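> There's a structure below that I have some questions on.
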Amino acid sequence: MISVSEAHAALLDLCATLEIEDVPLSQAANRVLAQDVHARRDQPPFSASAMDGYAVKAEEVELHAMFQVVGEAAAGHRYDAPLKPGQAVRIFTGAPLPVGANFVVIQEDVSRKKDLITIVNQPGPSDNIRPRAGDFCSGQCLTAPRILRPADVALLAAMNIPNIPVRRRPVVALISTGDELVMPGETPGPDQIIASNTFGLKAMLESFGADARILPIAQDNIASLRTAFSLTAGADLIVTIGGASVGDHDLVARVAADLGMERAFYKVAMRPGKPLMAGRLQGTPMVGLPGNPVSAMVCGHVFLQPMIRQMCGLPAQLCQISMARLSHPTKGNGPRQHYMRATVSNGEITVADNQDSALLTVLSAANALLILPPHEPAHDAGDTVQYLPL
């Protein structure tokens, strides 16, 4: 049995960063930018008005000054002639500034009679102009790697970059195992349950940036498991759920070994999630998760997320640790690292009373996993502890 950190290192040793592909900008959201990209133009590409008003020469701006309105500029339609002394151009937000203008008097500060305006309120200190390249200039870099958020996509569009170099999404083959399982929507027999883990893990993996594919449930026999493994061709990661323990009906390890799996480890000093298995099956990383729903999901957060991040070219930290104050005392921990379902609110963390690894309702109600390292002593209310946000 190895430690969580040792298991983390071994799993990352199984993974390689995937290749780069170009995708249209419209498909770039939540993908991982694989290479630095550079703006192809200034933004804004010209000095533009920040307000509706009148473009004039700054040195002529004073209370009661009068100007002749000689034209109009709107977004997408500039006023072409140079501005002369005593002249003003009616201008709207986003319009290019006329040549010679360097101040916009907002419309609330003037009165207008036909083509004559008078400044009737003292203009403020702002010139109400967005200068050329005030946001970014041509050649400015958006650095990789990064997960492209909506704001990043908008920035790339403004940079005039239509195709984006991103890491290919890892393809994960999900295999649930067990005679007791049926798919949601089917009618289970008297001794059967619904295959919930597969769908929770698919949602989790896709939130990490993977393309998760659910394969048919493998029954507890060698022929069915071999068929399931034969369907994993092309996957970047194989994840089995259940059947990784040492019972008479736990056949995943045996069948995988028969198919050539090189085992990296079996069993991790953690709870829930102890019967975790990993290795390489015909060159493809493979992780055998426990069958208990909470165990599988906890192992997904702790181990599958770093693996997917590494495949996507992101830093593969063990987990994103946060800190909170305990709202109540806790008991000391044993030899295995314990991930306890909990709720964090207003900087305080409260651990759920029932930590049975079969209870999905408790996991659904939680927004954190309290982390108790091996042999951690008891804590008092108010002590600061580590947790993994969910």
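> Restricting to Cα atoms and excluding each atom paired with itself, what does the Kirkwood estimate give for the range 1-158 in Å? Each step should come with its number before you reach the end.
On the way: mean 1/r = 0.0522 Å⁻¹.
So the Kirkwood estimate lands at 19.1 Å.
> To continue, here is another question. On a straight-distance basis, which aspartates and glutamates could pair with LYS331 in a cross-link, Cα separation under 18 angstrom, same-chain partners fewer than 8 positions away excluded?
Output for LYS331: GLU348, ASP353, ASP356, GLU376, ASP380, ASP383.
> Would you kindly derive the ³J(HN,Hα) couplings of the range 288-297 from the backbone phi angles with the Karplus curve 6.51 cos²θ - 1.76 cosθ + 1.60 (θ = phi - 60°), listing them in order in whole Hz, with x for Gly and Pro?
3J(HN,Hα) across the range 288-297, in whole Hz: x, 8, x, x, 4, x, 5, 4, 5, 5.
> While we're looking at this one, here's another question. Report the full-extension gain for the segment GLN320 to ASP80: residue separation times 0.36 nm, less the Cα-Cα distance, to one decimal in nm. If you can, show how the numbers build up before the last one.
Working: separation 240, 0.36 × 240 = 86.40 nm, distance 5.52 nm.
Gain on extension, GLN320 to ASP80, equals 80.9 nm.
> Considering the range 270-317, what Rg and Dmax in Å follow from its alpha-carbon atoms?
In order Rg, Dmax, the Cα atoms of the range 270-317 give 11.4, 31 Å.
> For the ranges 24-35, 263-274, 371-382, what's the packing order if you count other beta-carbon atoms within 10 Å of each residue, average per peptide, and put the highest first?
Working: 24-35: 17.1, 263-274: 19.9, 371-382: 14.0.
Those peptides, ordered most packed to least, come out 263-274, 24-35, 371-382.
> Amide H to amide H, which residues 5 or more places from GLN386 or on other chains are under 5 Å from it, using H placed in the peptide plane?
It is ILE371, by chain and number.
> Can you figure out the FRET efficiency of ASN163 with ALA9, using R₀ = 45 Å and their beta-carbon distance, to the nearest 0.05? Display every interim value, and only then the final one.
Values: r = 36 Å, r/R0 = 0.80.
FRET efficiency, ASN163 to ALA9: 0.80.
> Given a 1.4 Å probe, how much area per residue of the chain is accessible, in Å²? All intermediate terms of the calculation are to be shown ahead of the outcome.
Values: 18370 Å² over 390 residues.
In whole numbers, the chain has 47 Å² accessible per residue.
> Still on this structure, I have one more. With only alpha-carbon atoms counted, please give the Rg and Dmax of the range 98-209, in Å.
Gyration radius and largest Cα-Cα distance of the range 98-209: 29.6, 88 Å.
> Carbon-plus-sulfur fraction of the accessible area of the chain, 1.4 Å probe, in percent?
Of the solvent-accessible surface of the chain, carbon and sulfur hold 50 percent.
> Can you give the relative contact order of the chain as a percent, counting alpha carbon pairs under 8 Å and 6+ residues apart? If you can, show how the numbers build up before the last one.
Numbers: 901 pairs, mean separation 64.6, N = 390.
Value for the chain: 17 percent.
> While we're looking at this one, here's another question. With Rg and the Kirkwood Rh both taken from Cα atoms, where does Rg over Rh land for the range 317-389? Provide the component values of the computation, followed by the final result.
On the way: Rg = 11.5 Å, Rh = 12.3 Å.
Result: Rg/Rh = 0.93.
> Can you work out the FRET efficiency for the pair LEU231 and ARG149, with r the C-beta to C-beta distance and R0 = 56 Å, to the nearest 0.05?
Values: r = 35 Å, r/R0 = 0.62.
About 0.95, to the nearest 0.05.
> Could you compute the FRET efficiency for ILE194 and ARG254, with r as their C-beta to C-beta distance and R0 at 25 Å, rounded to 0.05? Provide the component values of the computation, followed by the final result.
Numbers: r = 26 Å, r/R0 = 1.05.
Approximately 0.45, to the nearest 0.05.
> What whole-number distance in Å separates the alpha-carbon centres of the range 114-179 and the range 320-390?
38 Å
> In a Debye calculation with equal point scatterers on the alpha-carbon sites of the range 117-163 and no solvent, what is log10 I(q)/I(0) at q = 0.20 Å⁻¹?
Reported log10 I(q)/I(0), two decimals: -0.78.
> Let me ask you something else. Whole-Hz ³J(HN,Hα) for each residue in the range 118-135, computed from phi via Karplus 6.51 cos²θ - 1.76 cosθ + 1.60 with θ = phi - 60°, x for glycine and proline: what do you get?
10, 6, 10, 10, 5, x, x, x, 6, 7, 6, 10, 9, x, 4, 6, x, 8
> Ignoring everything except DSSP H segments at least 4 long, calculate the 222 nm mean residue ellipticity for the chain; use -39,500 (n - 2.57) per segment, divide by total residues, nearest 500.
When only DSSP H runs of four or more count, the value is -4500 deg cm²/dmol.
> Sorted from largest to smallest, which semi-axis lengths in Å does the alpha carbon gyration tensor of the range 196-244 give for its equivalent ellipsoid, taking the root of 5 times each eigenvalue? Don't skip to the end; give the middle numbers.
Numbers: eigenvalues 83, 33, 12 Å².
Over the Cα atoms of the range 196-244, the ellipsoid semi-axes are 20, 13, 8 Å.
> Given labels modelled 7 Å from the Cα in the Cβ direction, how far is it in nm from GLN282 to ILE214?
2.4 nm
> Please list, in chain and number order, the residues 5+ apart from VAL171 or on another chain whose amide H is under 5 Å from its amide H, with Hs placed from the backbone.
Result for VAL171 returns ASP211, ASP236, LEU237.
> Counting only DSSP beta bridges with both residues in the chain, tell me the antiparallel percent, nearest 5.
On the way: 56 of 82 bridges.
Once the DSSP bridges in the chain are tallied, antiparallel ones form about 70 percent.
> If you take the C-alpha gyration tensor of the range 200-353, multiply each eigenvalue by 5 and take the square root, what semi-axes do you get, largest first, in whole Å?
Values: eigenvalues 188, 68, 36 Å².
Gyration-tensor ellipsoid for the range 200-353: 31, 18, 13 Å.
The values are calculated or read from the model by the stated rules, or taken from the named source; none is laboratory data. Quantities reported herein were computed from a predicted structural model and do not represent experimental measurements. Ideal geometry is used to build each Cβ from the backbone, glycine not excepted, and the neighbour counts take in all protein chains shown. Keep in mind that these areas ignore ligands, DNA and RNA; they rest on the heavy atoms of the full protein, side chains included. Shrake-Rupley method; radii C 1.70, N 1.55, O 1.52, S 1.80 Å.
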